[in-house]
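Written out below as structure tokens is the structure these notes cover.
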Amino acid sequence: MAVPEAVLEAVLAHFVRDKGLRITGRRKRAIDEFRAYFIWRRAATLGDAFPSWVAEAGTPKLIARIASEYQAVEDLTTALVGTLDNPGPLLPVYGGTGDVSPPHLDLADLARRSPGDSATSRPVRTRARFFERLRKARVRQILWRAAALPNRLIGPGLDEDIWEAFPNEQTGRLRLDNPLSPGLAGPMTEMVDRRLRAVEWMHYTIANRSREFGGMGPGRWNATGAKGPWLDGFRIRIFEYPRFPAFLQAQIGAANITDDGGLVPSSHDPGPGDPPDPPHPGTDQHWHWSEGRERLEWHVIPPTADSGAVRISGATAASDVATFTTATPHGFAPGFSITVYDVEPAAYNGAWTVDTVNSTTEFTAWIGATPGAGTSFGVAYRPIYAWRLPPALRSVWRARPGNQYRIDLVPPAGGGAAAIDALFDYHGIPRTDVWTRSWLWCDHVIAACNIEALLFGLRRRLADGEDRFNALVDGTGLPPGANPPYVGLVNVVGSTGPANKGTLMAHDNDPHFENTMVALDDLQVGDQLIFWNHVLYNLLSTGDWRLENALVMSVESEPRGKTRKSRVLLQGHGTPIRSFARYQQLIAAHLAPSLARVREKIRTTVAANASVQVIQWQSASLVRWSPYGNFRRVRYPGHGTLDLGAWWVEIPLSNGMTTWASRAEGVAAVPKSVAEGVGPLAAPAAGYTPPPNPSSAIYFPLFEPRMSAQVGGKRAQGWDAYLARRQTQVIDPVLMEVVHVSAPLIPGLLIQTGQKLAAMRPKPIAIP
């Protein structure tokens, strides 16, 4: 039974008076907003569990139980961080002592960002104290949010809970493994340890080249050779993306770089002191230019036999579906992501998903076009993505056969825990040289942070914690339904639902992590989310900004159990800490160059062939379509007014990024898009011309009419305005302008309307 809002307001008002909480006006305090969030959410949960408490005048039992829980959280906060005047064990810089072993990250050491930083210098000491204030704030956020949420921290299907059940139901106590050590053990402290550990690794040693929030700063490069030493001024940075500034081309050398769209050779190129790889047929470059020659990227393995490539011997197409014949068994299965290369006609080439397997030498894939029969043939292969580890780590981290993007932890002689320690050790393995760091993608890095945090939490909580972790790695302690190797670095967050891959962090029976869907208002510090780019990026670009895996670094609570989306702070591998809105700006900036290249393709193609109606670009179809009349004129930057026509990106309902149940759902998820039978095209006016694929796609405009109108009480622009007005009056085609994708158009955390967020989060074990 939902608790009446008037009851919740009354309970909150009681505690505002009783505790002196400042949650409104200029003097409001962030910590009091977290306390108010806790009060509101616990009142809703407990009131639903005990309806008789809600029915009582003044709700004395409900208030008593919340007051007991409130004090338990305050006590645990004091036990862990205390205050700056009376610090707890997690604030050693301020004089706190007595932390259990192993201790949390040494923030005084992490404050020494550069090799020349002195531990006693004023900037380092100031930075360390700032880091500890951040730690105190993060611990308090973690505790108050976690304690407020409806008792799912230990996982669904378990009877255990962070709140102990006592005969006196009005007493709320946090569950502890050892009652003699209050506040220093138990599910809640494991939660704090793991969430805090992951975000501090991310913040201080991985991602942040911005000085915002105490980050490492931009660094100063000193690169002297094709394979190092490459010094960038940092002593504590342990992970890199496999991509680097364009100015390094002088050190790498032109002979080692291939251009955009070239074959992608070996990612297993040796580091200093390693023997060379066997040569591959074709190009031998180890680097390639990214789109627009913006940066240099480490290569993936080329399409040769050693990477699972197969020679294509035939290709036909019908209704946008290609049937490929291979000279030898292809080994593909439905759902495999593959790349087809060097086939003519060129429409067969691209990154596709295997649809059906007709035989060992024949498969089909939707390619969004229907070219004529193949005339010359290349290869089909599963891409092996570029990542690189230093030589000392390569023996225990191996690409999984059949899924080279996943990096499995192979049980080493010293146990899996030792391998994790080595991956994160910036002391034992010098990391001042970029070539000594691990070059990994964003999901790899966050997976690594969560795995290390799990090991850390188990070591702190349980005497046999390390043994429990090692059993996950060597396979002796796997949960039911596990898919060994169980521990590895891989993408673990689902797109529209929980991921269940039978591996750590993505497994329904995972004892340590929960892969789930959460509401925005239930977000917690340390949750792993996906921040999505526009669906256009997935169709139009081959870059790596389709999405960004990110950790929630801070979340602001509203007193009435809500979350301020605008103030959710996120950080991913390669980004500073940014708010939700600034993340949208970051992502939009990476889409703009792709749209510019698409428009240029249209301009040059139309200049050569004025009658062209369809242009293939990457995995998308660009179509010319005028819903009414004949739209022709476009104001094109740098070229004046051109007769280009109205061009659109055709976005299939199932598009490789998500699947919409209907055209209406797709239009709702993609602002500015239109579709047959939706909105003003639900009942088109006379003179209407349908799009090329009216039933299976939505259409995003590359150019739009210069027009605005009031539609449904809101100001509409472009095609939304024109189509709405055209329903009631005949309007001649007007001048069009280039469509710019701005930050508000980026979906961010939701790629489907009305859904919860896919998230991966720590889950403390129920019984030690």
Length gained when the stretch PHE247-ASP117 is fully extended (0.36 nm per residue, less Cα-Cα span): 44.1 nm
Can you tell me the mean projection area, over all orientations, of the convex hull of region 305-381's alpha carbons? Units nm², please. 4.1
Among GLY481, VAL555, LEU539, the residue whose Cα sits farthest towards the positive end of the charge dipole of region 474-560 (+1 at Cβ of Lys and Arg, -1 at Cβ of Asp and Glu, taken about the Cα centre) is LEU539
Below 8 Å between Cα atoms, with a sequence gap of 6+, how large is the relative contact order for region 415-521 in percent? 20
Yeah, region 382-529 with a ≥ b ≥ c from its alpha-carbon gyration tensor (a/c under 1.5 is rounded, else prolate when a/b outruns b/c, oblate otherwise) is rounded
May I ask you to order 363-370, 79-86 by the average number of other C-beta atoms within 10 Å around their residues, highest value first? 363-370, 79-86
P(r) for region 538-673: what percent of alpha-carbon pairs falls in each 10 Å bin, starting at zero? 10, 29, 31, 19, 9, 2, 0
Two-site label geometry, THR605 and ARG311: point separation in nm, points 7 Å out along Cα→Cβ: 3.2
If amide H atoms are modeled at 1.01 Å from N in the peptide plane, then the residues at a separation of 5 or more from SER313, or on another chain, having amide H under 5 Å from its own are THR325, THR326, ALA327
Amide H contacts under 5 Å for SER554, restricted to residues at least 5 apart in sequence or on another chain and with H modeled in the peptide plane, are LEU569
At a threshold of 8 angstrom on Cα-Cα distance, excluding pairs fewer than six apart, so keeping six or more, what relative contact order does region 5-193 reach in percent? 21
Relative contact order for the chain: what is it in percent, counting Cα pairs under 8 Å that are at least 6 residues apart? 12
What does DSSP give for the chain in terms of the percent of beta bridges that are antiparallel, rounded to the nearest 5? 95
Given R₀ = 25 Å, FRET efficiency for SER395-HIS427 by Cβ-Cβ distance, to 0.05? 0.75
Place a +1 charge on the Cβ of each Lys and Arg in region 592-745 and a -1 charge on the Cβ of each Asp and Glu, then give the dipole magnitude about the Cα centre in debye, rounded to the nearest 20. 300
Can you compute 3J(HN,Hα) from phi for each residue in region 124-139, using the Karplus curve 6.51 cos²θ - 1.76 cosθ + 1.60 with θ = phi - 60°, rounded to whole Hz and x for Gly and Pro? 5, 5, 5, 5, 4, 5, 5, 4, 6, 5, 5, 4, 4, 5, 5, 4
Counting only GluC sites (Glu not before Pro) that sit in a DSSP loop (anything but H, G, I, E, B) with at most 16 other Cβ atoms within 10 Å, what is the longest stretch of the chain containing none of them? 295-768
Using the Karplus curve 6.51 cos²θ - 1.76 cosθ + 1.60 with θ = phi - 60°, work out ³J(HN,Hα) for each residue of region 460-471 in order, rounded to whole Hz, and write x for Gly and Pro. 6, 8, 10, 5, 9, x, 5, 4, 4, 5, 4, 5
Using modelled amide H (1.01 Å from N, peptide plane; none on Pro or chain starts), what sits under 5 Å from the amide H of ARG243, excluding residues fewer than 5 places away? TRP298
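Can you give the alpha-carbon Rg of the chain over 2.2 N^0.38 Å, where N counts its residues? The partial results should precede the final answer.
Values: Rg = 28.4 Å, N = 768, 2.2 N^0.38 = 27.5 Å.
Working it through for the chain, the quotient is 1.03.
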Below 21 Å Cα-Cα, how many Lys pairs turn up in the chain? Only count pairs eight or more apart in sequence, or on different chains, if you could. 12
Taking R0 as 60 Å and r as the Cβ-Cβ distance between ALA255 and VAL357, the FRET efficiency 1/(1 + (r/R0)^6), rounded to the nearest 0.05, comes to 0.90
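As an exercise, find the ratio Rg/Rh for region 354-398 from alpha-carbon atoms, using the Kirkwood inverse-distance average for Rh.
Rg/Rh for region 354-398 comes to 1.20.
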May I ask you to evaluate 6.51 cos²θ - 1.76 cosθ + 1.60, the Karplus curve with θ = phi - 60°, for each residue of region 686-702 and list the ³J(HN,Hα) values in order in whole Hz, giving x for glycine and proline? 4, x, 6, 10, x, x, x, 10, x, 8, 10, 8, 10, 10, 9, x, 8
log10 I(q)/I(0), Debye, Cα-only region 5-193, no solvent, q = 0.12 Å⁻¹? -0.67
Only Lys, Arg, Asp and Glu count, each charged at its Cβ (+1, +1, -1, -1), so figure out the dipole size of the chain about its Cα centre, rounded to 20 debye. 2620
May I ask for the longest run of the chain untouched by trypsin sites (Lys or Arg not before Pro) that are loop-located per DSSP and have at most 10 neighbouring C-beta atoms (other than their own) within 10 Å? 221-768
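Quick note: the coordinates plus some simple rules give every number you see, no bench work behind them. If you're wondering where the values come from, they're calculated on a predicted model, not measured in any experiment. With ideal geometry, Cβ positions are generated from the backbone for all residues, glycine too; neighbour counts draw on all protein chains shown.
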